[in-house]
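Everything below concerns the one structure shown next.
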Amino acid sequence: METKNTASNFIKTIMTEDLKEGRVKNIVTRFPPEPNGYLHIGHARAITINFEHADEFGGRTNLRFDDTNPVKEDVEFVNSIKEDIQWLGFEWDGMHFASDYFGEMYDRALVLIKKGQAFVCDLSADEIRETRGTLTQPGKESPYRNRSVEENLDLFTRMRAGEFKDGERVLRAKIDMASPNINMRDPVIFRIAHVHHHNTGDQWCIYPMYAYAHPLEDSIEGVTHSLCSLEFEDQRPFYDWVIRETEMPHVSRQYEFGKLKIAGTIMGKRYIKRLVESGVLDGWDDPRVYTISGMRRRGFTPEGIKSFIREAGVSKSNGTVDPRMLEHFIREDLKLKAPRTMGVLRPLKVVITNYPEGQVEMLDAEINAEVPEMGVRQIPFSREIYIEQDDFMENPPPKYHRLFPGNEVRLKHAYFIKCEEAVKDAEGNVVELRCTYDPETKSGTGFTGRKVKGTIHWVEATRAIAAEFRIYDELVAEKTDDGEDEGNDDLLSSINPKSLEIVQGYVEPGMKEVKAQDKFQFFRHGYFNVDSKTTTPEKPVFNLTVSLKSSFSV
């Protein structure tokens, strides 16, 4: 059963005090993604933090699409975001779009203009950037800053009517060009963009900037605690300014928490997009990236992901964690859910010379030894089987307990077999083993005549199902401090060439009817997930989710 986090953190403390002191009557949070790409593990963390904190206090959480930039947004991303949130196990109380509020955002801009706190500026984007100043030098006021209220109202109305070209004019807040906080130096709040919007169509040709729109959206929806990542901390003064100066009836408060990144991967949307477009990844759901769709395709479970997020906690500083920590929680969740089975990834044929030709017997094997109520499965056994190539060595080192000439091992769920001969091809490669079996050693009969040190897995050869296995390693060859090589212009140079290995093998015949997203533990190999993109009725494809063991400890 999934256990929710009860640990204290600074967000819970704030919410508790706000309710106790009567500053808010109930908790309202929101998850506000921009629909310009697919969500990743960082978003999963924000989703969990927002939904679970509100839920703990009996509050509610809205899903809101911050669709203020129609150039990069698409309904495809809207649908994928909704799917990801529901897959994680959350249901929003209300679903909204920033574009639903464009009319009010426009009206609130008129309020600013009439108060002398916003003006239409004719400077280009480059000129605005050049006059913004630096962290140590104040900015320069726009020559259009002191236009009259009447002129600003006229120009802004004409911007709305579509009289001007893209980039010809913008609406800027009039605050303080000498502010030590660059975000307060007359930021742009509306720009012209003659583009089609996925939600409003061609109704608008001016669009609000995110920093202006976000506080208004929160206020309109009655959000009490606007939780966001740490890079928005410098935006908080402008957030408060917008709500105050536009005279919004509800005052929302912004609180920031640190980001959590995964070492050895790439999480930035624009970098994943480049890797998809270059063919390094086969889509936003490639199992090597920690998008939610990629994790789902790899076989991660929502319960495991949320357990990881809760254990990582909430802090006011950014952090990077080892991917083994996430894998630990996925493994812990799967070990009591995934059926056990056997798969041979790199097959080597074995002929059991003293087993009767044409005979096939069915052997019992537990589905999951840790969960007896899952029952047993039956697997065929005959004269011909496949084992792993790595389970045989012609000249083994000391303490090698698997097959070699003259040695005996146990076949999992079956019998003892002894290697009698290695058959080689013209190049000297071992292509087949000739072995004998001891019929007295059948698994489950209580045989105690002698012991062997090695147990290996196998698949009966005549009924085996051909399968493909995809083995994943870290996407980035060399780890950086933040888990992303995003400062490198040559992004492809950072990719681990061994991040994906595809091998061909066999699985038990009972696996013939597997479906996408079915999960299994393959004896000695790890946990695997049936790939949702490439599996066919003729040939299943299994993605390695996590290995069986890890050196990570909680």
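Observations on the model:
- Applying the set (1) assigned to a helix (DSSP H, G or I); (2) surrounded by 22 or more Cβ atoms within 10 Å (Cβ to Cβ); (3) in contact with a Pro (Cβ under 9 Å, 6 or more places away or on another chain) to residue 213 leaves exactly one unmet item: (3).
- Any pair with Cβ under 6 angstrom, 6 or more apart, that starts in the stretch 315-333 at a residue that is modelled with pLDDT of 95 or more and ends at one that is open to solvent by less than 40 Å² (accessible area, probe 1.4 Å) and part of a loop (DSSP other than H, G, I, E, B): 330/300; 333/301
- Once the stretch 128-148 is narrowed to residues that are in a helix (DSSP H, G or I) and loosely packed, with under 14 Cβ neighbours inside 10 Å, the residue that is farthest from the chain's Cα centre (by Cα) is 130.
- Restricting the stretch 159-180 to residues that are in contact with a helix residue (DSSP H, G or I) (Cβ under 8 Å, 6 or more places away or on another chain) and among the aliphatic types (A, V, I, L, M), the residue that is nearest to residue 138 (Cα to Cα): 175
- Residue check for residue 113: under 15 Å from residue 192 (Cβ atoms) and either modelled with pLDDT under 95 or of a type in the set (Val, Ile, Thr) (or both): no
- For the stretch 265-276, the criterion of being farther than 25 Å from residue 51 by Cβ, under 14 Å from the mean Cα position of the chain (by Cα) and crowded, with 22+ Cβ neighbours inside 10 Å is met by at least one residue.
- Residue 348 fulfils the conditions (1) within 16 Å of residue 459 (Cα to Cα); (2) more than 36 Å from the chain's Cα centre (by Cα); (3) not in a strand (DSSP E or B) except for a single criterion, (3).
- Filter pass, residue 540 being under 15 Å from residue 344 (Cβ atoms), modelled with pLDDT of 95 or more, open to solvent by 20 Å² or more (accessible area, probe 1.4 Å) and not polar (S, T, N, Q): no
- Each residue in the stretch 284-300 was checked for being open to solvent by less than 10 Å² (accessible area, probe 1.4 Å) and part of a loop (DSSP other than H, G, I, E, B), and 5 pass.
- The stretch 369-386: number of residues that are open to solvent by less than 100 Å² (accessible area, probe 1.4 Å) and either under 20 Å from residue 358 (Cα atoms) or acidic (Asp, Glu) (or both): 8
- Enumeration of residues in the stretch 233-273 that are assigned to a strand (DSSP E or B) and of a type outside the set (Phe, Trp, Tyr): 253, 254, 256, 260, 261, 262
- Only one of the numbered conditions (1) out of contact with any helix residue (DSSP H, G or I) (no Cβ under 9 Å at 6 or more places or on another chain); (2) over 30 Å from residue 161 (Cβ atoms) is not met by residue 88, and that is (1).
- Any hit, the stretch 61-71, residues being open to solvent by 30 Å² or more (accessible area, probe 1.4 Å) and either in contact with a Ser or Thr (Cβ under 9 Å, 6 or more places away or on another chain) or without any contact (Cβ under 8 Å) to a residue 60 or more places away in the chain (or both): no
- Hits in the stretch 11-36 (condition: in a loop (DSSP other than H, G, I, E, B) and out of contact with any Ser or Thr (no Cβ under 6 Å at 6 or more places or on another chain)): 21, 22, 23, 25, 26, 32, 33, 34, 35, 36
- Residue 348 vs. criteria out of contact with any Cys (no Cβ under 6 Å at 6 or more places or on another chain) and farther than 21 Å from residue 404 by Cα: no
- Residue in the stretch 37-57 that is nearest to the chain's Cα centre (by Cα), counting only those that are hydrophobic (A, V, I, L, M, F, W, C) and either within 14 Å of residue 93 (Cα to Cα) or part of a strand (DSSP E or B) (or both): 47
The values are calculated or read from the model by the stated rules, or taken from the named source; none is laboratory data. Worth saying up front: this structure is predicted, and the values here are computed from it rather than measured. Using ideal geometry, Cβ is built from the backbone for each residue, glycine included, and neighbour counts are taken over all protein chains shown. Just the protein is used for accessible areas: all its heavy atoms, side chains included, with ligands, DNA and RNA removed. Shrake-Rupley method; radii C 1.70, N 1.55, O 1.52, S 1.80 Å.
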